[in-house]
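Structure record follows, encoded as structure tokens.
The values are calculated or read from the model by the stated rules, or taken from the named source; none is laboratory data. Note that the structure is predicted; figures quoted are calculated from it, not measured. Quick reminder, even Gly has a Cβ in these numbers, built from the backbone with ideal geometry, and neighbours come from all protein chains shown. Note: areas computed on protein heavy atoms with side chains; ligands, DNA, RNA excluded. Shrake-Rupley method; radii C 1.70, N 1.55, O 1.52, S 1.80 Å.
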Amino acid sequence: MDDVRLALRRLVKHRAATLASIVALAVSIGAAAATWALLSAVLVNPLPVRDADRLFVVGQRVSGPAYNAFTYHYFPHIRDAGIFEHVTAEWTSRMSLLVATDALPTPTPVSFVSHDYLDVLGIPVRLGRGFTVNDDRQGAGPVALLTDRYWRETFNASPDVLGRTLHVNGTPVTVIGVIDRGYRGLGLTSAPEILFPFHIIKDLGSEGTNYFAEPIGPGRAMSSPTAGVGIIVKLAAGITVHQASERLNALGVPPAVLAGRPAPPRMPEYVLTNVNTAAIPEAARDGMAQFSKLLAATVGLLLLIGCGAVGMLLLVRTEARRDEFAMCLALGATRLRLAFGIVIEGALLALAGATAALPVAHWFFAGARSFDLPGGVPIALLDLAVDSRTVGITLAAALLATLSVSSIAGAFGLSANLSEALRSRSGATPRTGRRRTRAFLVSMQVAVALVLLAGAGLFARSLVAALTVNPGFDAARLLTTGVDLRRHKYSPERAEGFFAELDARLRGNPALAAYSFSIGMGGMTPAGRLTVDGLPRGFPSTVSYSAIDDRYFDTMGLAVLRGRSFNREDRSSSPRVAIVSESFGRMLADGGDPLGMRITMPFSRPPAPPDIMEVVGVVPDVITNVTVLEPLTMYFPLAQHPTGPGRALTLRASADPDAVRREMMAALRQIDPAVTPAPILTIEDRLGRQMSAQQFGASVLGALGLIAVLLTVLGTYVLAESMAVLRMREMGIRAALGATRRQLAAIVLAESGRLVGLGLAAGLFVAWLSRGLIESFLFRVEPLDPATLATVAGAILALALLVSVRPALRAAGVDLGMVLKEQ
């Protein structure tokens, strides 16, 4: 207890250094704990399910990534085969249905699951009851389970929610229970708010969708069987994944799938993917793993620099106590006892830092909620919070910090001896071993600061490059949205009236400089073919189709590069025409002029005549997806194509985009208060959302990099100040021998410059080694971008020299007489 009491007294005596140490450790430990909690929620234990090692998602693979959406026939085929202990299902395509409680209908993400879905996953119902077999059948009375989050946000966690009626797409549904906290579906990219029994999907879902792969009879409006059934299986005890996969592949495809059709040349192979792994889309797993390594390395570097900074402060303090240590040794104290006192001091600092780290972790969670991880994983859906796991991680990081800090400073206590005191009394310059230790720590801090800030700079430059990828128009003032009236049961005639009235209300609105209506008509994947001038042609990426009105290009601010724009003469009775994007036109004509080329579209079916479009114009590319920098787009006149109950809108703001959002919502409310549009976002916003991982990286690396720079500046100042004091006699002698004040100051500044230069060189080497971690997340920026590295290195060097000016001036103003009197 005496050691603890003395350590506390020393920490209180040096309040500024103690506070700086606690802040450094709090930030580094808090960031480390929050990062581990984030990575654990994504990679280690993403789903709160029971027996996760026995739960698998069934998929099929022909070549490339596996797909896990089946037609309905596969579900009973696999369920009744007796291969697995349990087989359950959910509809994989997340639906957003209009749900009304006591207010206007709101688009709400929902999911349809088998009656035993929650039981198989081991997720309890905290209030009410779960689904039964009688609930999960076609024609049953619709019932619903609410997630804990939806229950709290919509019903204020009221227990009276049981028995309440929701109106889902106009159909009354009874609430029978609330799912336990933590459930967010089986994927990390989206989360349902309400669960419904699987077999009532036809009653609430889209009309005409063939959910159950029913035969298509004459006169039926139903589409071909829809692949959307996800199958989750639980292995029986003692059965390996390999054994289950072999039995599943021996089962083959359901006979109904091949009925009346020839067998494919290559049968698909069943694959089993653990539910925790399948929570991240297969295409995003490599990127998520790479980003996780980058984030872990970043926080590890910050923890290292925080421990190094605190260790150096303790080292400087223990060096100042060399007389005390020597006297203690002379009086019989052991070196181990001296080192133990320093370790106690380091442990107290680490404990205080860990305590302060908990609110830091909370701030990290709050700040990260607005970002997405690679693959479109919203951090907000992970429900990160300071819980027992975070506290445990924090204590583990504090223990690591204690060992690191104490090992740096405690070595001095083990090596202290009487000769150190005699040397200090004689005025000799201390041994260089201590200087080398401090110099190494400062150089390490500089290297880490350079790596973190350079990474933040590269992410920021990537983000800027993505937001300016369309130089031809102002993406910050162009907004897009969509209005789908199908969910509101609008007939085609009524929908036409709705959009005509919306057009009239938007016309002349001062908040709008221009606006346009269009309809997305899908597209053709690289597997398809278009007939161009009589020859079938394939293309390397998806060809998108869009039907637009004659105001679209003016609204976008796009000038026709060649040919003409659409006009009022392009009617349904006129010859079919099309305008193509610049990249598509270049590809169509092999670099030549595509005007006049005739393209046969796959819209019509025999015996109808072929749908042939003549290319009459070429317009600049409009990049809305940063992964497709040469978009292949075909535009058609809206008047030449049948319109449905949905429209996309493009709006150009006169000045304030928020004013456009308000005016758009007001116009819709005046026509039909129940109609809710898709999010009204600028093109800049949409591009920015695709760069969410880069935004998150720039924010995290930038914040941690600034902290690292502050610690570096602190370390540089402490080193320069301590060396100026320790070399005071040497400076006095140099002054007596004729050295000028400028020369004396230059000695201190040159030493700081050398140490920072060594750190910068080490940082550049680390950046070169770690370039592979960040390269895949950069957009139009090289991982060793000279401008970014030079700017960051120059800023760190300038700051280090700036804080070294005061110690340099102190050394330059030395008085030899005063130095000799003090000795």
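Figure the gain on full extension for Ala527 and Ala559 (residue separation times 0.36 nm, minus the Cα-Cα span) and round it to one decimal in nm. Numbers along the way, then the final one.
Values: separation 32, 0.36 × 32 = 11.52 nm, distance 3.17 nm.
Separation in residues times 0.36 nm, less the Cα-Cα distance, equals 8.4 nm.
How high is the relative contact order of the range 560-709? Use alpha-carbon pairs under 8 Å, at least six apart in sequence, and give a whole percent.
Values: 156 pairs, mean separation 36.6, N = 150.
Rounded, it is 24 percent for the range 560-709.
Run the accessible area of the chain with a 1.4 Å probe and give the carbon-and-sulfur part as a rounded percent. It would help to have the intermediate numbers written out before the result.
Values: 21620 of 36770 Å².
Of the solvent-accessible surface of the chain, carbon and sulfur hold 59 percent.
Accessible surface of Met597 in the full protein assembly, 1.4 angstrom probe, to the nearest 10 Å²?
About 30 Å², ignoring ligands and nucleic acids.
In whole Hz and in residue order, list the ³J(HN,Hα) couplings for the range 226-235 that follow from phi through the Karplus curve 6.51 cos²θ - 1.76 cosθ + 1.60, θ = phi - 60°; x for Gly and Pro.
For the range 226-235, the Karplus curve yields 9, 8, x, 8, x, 10, 10, 10, 10, 5 Hz.
What number, in percent, do you get for the relative contact order of the chain if the mean sequence gap of Cα pairs under 8 Å and at least 6 apart is divided by its residue count? All intermediate terms of the calculation are to be shown ahead of the outcome.
On the way: 1429 pairs, mean separation 128.9, N = 823.
Relative contact order comes out at 16 percent.
Suppose accessible area is computed on protein heavy atoms with a 1.4 Å probe; arrange His362, His641 from highest to lowest.
On the way: His362 100, His641 15 Å².
Sorted by accessible area, descending: His362, His641.
For helix 282-320, what angle does its Cα long axis make with the longest principal axis of the chain, in degrees from 0 to 90 and rounded to 10?
Computed tilt is about 20 degrees.
Can you list the residues, at least 5 places off or on another chain, whose amide H is less than 5 Å from the amide H of Asp135, using H built in the peptide plane?
For Asp135, whose amide H was placed from the backbone, there are no distant partners under 5 Å.
Loop only per DSSP, at most 12 neighbouring Cβ atoms within 10 Å: give me the trypsin sites (Lys or Arg not before Pro) in the range 122-151, ordered by residue number.
Details: sites: Arg126, Arg129, Arg137, Arg149; in loops: Arg129, Arg137.
Taking the range 122-151 and a limit of 12 other Cβ atoms within 10 Å, the loop trypsin sites (Lys or Arg not before Pro) found are Arg129.
How far is it, in nm, from the label point at Arg9 to the one at Asp286 when both lie 7 Å from their Cα along the line to the Cβ?
Distance between the two pseudo-spin positions: 6.3 nm.
What is the gain in length, in nm to one decimal, between Ala330 and Asp672 on full extension, counting 0.36 nm per residue of separation less the C-alpha to C-alpha distance? Walk me through the numbers on the way to the answer.
Numbers: separation 342, 0.36 × 342 = 123.12 nm, distance 9.10 nm.
Stretched fully, the Ala330-Asp672 segment lengthens by 114.0 nm.
Taking K and R as +1 and D and E as -1, what net charge do the other residues with C-beta under 13 Å from the C-beta of Gly482 add up to? Write out the running numbers ahead of the final one.
Numbers: positive: Arg486, Arg487, Arg647, Arg686; negative: Asp484.
So the environment of Gly482 carries a net charge of +3.
As an exercise, use a Förster radius of 25 Å and the Cβ-Cβ distance of Asp611 and Asp590 to find the FRET efficiency, rounded to the nearest 0.05. Intermediate values should be presented prior to the final figure.
On the way: r = 24 Å, r/R0 = 0.96.
About 0.55, to the nearest 0.05.
How much length is gained on full extension from Leu809 to Leu400, taking 0.36 nm per residue of separation minus their Cα-Cα distance? Don't jump to the answer; show the numbers that get you there.
Details: separation 409, 0.36 × 409 = 147.24 nm, distance 3.83 nm.
Contour length minus Cα-Cα distance gives 143.4 nm.
Among (i) 27.4; (ii) 33.9; (iii) 31.9, which one is Kirkwood radius over Cα pairs in Å computed from these coordinates?
Computing Kirkwood radius over Cα pairs in Å and matching it to (i) 27.4; (ii) 33.9; (iii) 31.9 gives (iii).
Taking R0 as 60 Å, what FRET efficiency do you get between Ser206 and Leu802 from their Cβ-Cβ distance, rounded to the nearest 0.05? Write out the running numbers ahead of the final one.
Working: r = 65 Å, r/R0 = 1.08.
Plugging the Cβ-Cβ distance into 1/(1 + (r/R0)^6) gives 0.40.
So, for the chain, what is the accessible surface per residue at a probe of 1.4 Å, expressed in square angstrom?
On the way: 36770 Å² over 823 residues.
Per-residue value: 45 Å².
Helix 786-803 versus the longest principal axis of the chain: what is the Cα-based angle in degrees, 0 to 90, to the nearest 10?
Taking the Cα atoms of the chain, the angle to 786-803 is about 30 degrees.
All other residues with a Cβ under 15 Å from the Cβ of Asp549 taken together, and with Lys, Arg as +1 and Asp, Glu as -1, what is their net charge?
On the way: positive: Arg507, Arg551, Arg568, Arg571, Arg647, Arg652; negative: Glu496, Asp503, Asp550, Asp554, Glu569, Asp570.
Surrounding charge for Asp549 is 0.
For the residue pair Leu19 and Leu258, what label-to-label distance in nm results when each label sits 7 Å from Cα along the Cα-to-beta-carbon direction?
Roughly 7.8 nm, to one decimal.
Send over the semi-axes of the range 13-166's equivalent ellipsoid, whole angstrom and largest first, taken as the square roots of 5 times the C-alpha gyration tensor eigenvalues. Kindly include the intermediate steps, with their values, before the conclusion.
Values: eigenvalues 322, 136, 47 Å².
Semi-axes (√(5λ), whole Å): 40, 26, 15.
Taking the Cβ of Gly375 as the centre, find all other residues whose Cβ is under 11 Å away and add up their charges (Lys, Arg: +1; Asp, Glu: -1). Walk me through the numbers on the way to the answer.
On the way: positive: Arg285; negative: Glu282, Asp286, Asp372.
Cβ neighbours under 11 Å give a net charge of -2.
With each label point set 7 Å from Cα along the Cα-Cβ vector, what nm distance links Ser370 and Ala250?
Here the modelled spin labels are 5.7 nm apart.
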